[in-house]
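Shown next, in structure tokens, is the structure this report addresses.
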Amino acid sequence: MNINKNAALLIIDMQQGLNDPRFGPRNNPEAESRLHQLLSTWRAQKRPIVHVRHISKSPKSVFWPGQSGVEFQSLFVPASEEHVVEKNVPDAFIATGLERWLRTRSIEQVVIAGAITNNSVESTARSSGNLGLDTIVLSDATYTFDLQDARGHSWPAEDVHALSLANLAMDYASILATADVTAMLE
């Protein structure tokens, strides 16, 4: 596997609201530092970068407009030349123009990282794969939170994360570690 010279890095929902304690325990505590290192490399090589921001339609959400939770985390504030996509649903391709932005630049490969693995990351990666893009999801630069299912069973974040990545690996995306992708860039 190779990383195309014009592959786009899609950074999903790296917003301040994800630090809200109501989300509960999470996995991959080093995800932000790994993603920031990759972002720095991507920037140094002048590769395309897309920052995805969730703008909620629910006033109770940490991503409701006008709150600090909507703002990007300090490590992931977009540079002026980087593209920003605002979405209202988990999937970054729905009603955002993201596909058109990628296609007009002849971008056929995307590397996806960020949060939440089993929500916006998985939804976006599924659409990316279904659209025929060569899709890579970074296993150690994504993360999720503990989850309770409809029967009341609690699932640790690490299990939720692993199952989400397993779903994506079946038909939608290649799952790689950040170090593997970084090595392909050098």
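Only the coordinates and a few stated rules stand behind these numbers; no lab work does. Computed from a predicted structure; not experimentally measured. Positions of Cβ are generated from backbone atoms using ideal geometry, with glycine treated the same way; all protein chains shown enter the neighbour counts.
In a reduced charge model with +1 at each Lys and Arg Cβ and -1 at each Asp and Glu Cβ, the chain shows a dipole moment near 520 debye about its Cα centre.
Using only Cα positions of the stretch 141-186, each an equal point scatterer, no hydration layer, compute I(q)/I(0) via Debye at q = 0.23, 0.24, 0.34 Å⁻¹ and quote the log10 values to two decimals. With no solvent term, the Cα-only Debye profile gives -0.87, -0.91, -1.12.
Under 5 Å from the amide H of Glu86 lie the amide H atoms of Arg53, each residue being 5 or more positions distant or on a separate chain, with H modelled from the backbone and absent for Pro and chain starts. Under a straight-distance cross-link criterion of Cα-Cα below 30 Å, which lysines are reachable from Lys60, leaving out those fewer than 8 residues away in the same chain? Within the straight-line limit of under 30 Å, Lys60 reaches these lysines: Lys87. Restricting the trypsin sites (Lys or Arg not before Pro) of the stretch 102-152 to loop positions (DSSP other than H, G, I, E, B) with no more than 11 neighbouring Cβ atoms within 10 Å leaves Arg151. Tell me the angle of helix 31-44 to the major Cα principal axis of the chain, expressed in degrees between 0 and 90 and rounded to the nearest ten. So the inclination is approximately 20 degrees.
Compute the Cα gyration tensor for the stretch 97-155, then decide on rounded, prolate or oblate, letting a ≥ b ≥ c be the square roots of its eigenvalues: rounded whenever a/c is under 1.5, prolate when a/b is larger than b/c in the other cases, and oblate in all that remain. It comes out prolate by the Cα gyration axes. Note that the stretch 46-110 carries a Kirkwood radius of 13.0 Å, evaluated over its alpha carbons pair by pair. Would you calculate, for the chain, the mean residue ellipticity at 222 nm contributed by helices, counting each DSSP H stretch of 4 or more residues as -39,500 (n - 2.57) and dividing by all residues, to the nearest 500? It comes out at -8500 deg cm²/dmol, rounded to the nearest 500. Computed from Cα atoms, the angle from the helix 157-171 axis to the main principal axis of the chain rounds to 40 degrees. In the chain, Rg over Rh equals 0.94, where Rg is the alpha-carbon radius of gyration and Rh the Kirkwood radius from pairwise Cα distances. Whole-Hz Karplus values for the stretch 116-123 come out as 8, 3, 7, 10, 5, 5, 5, 4 Hz, taken residue by residue from phi with 6.51 cos²θ - 1.76 cosθ + 1.60 and θ = phi - 60°; glycine and proline positions read x.
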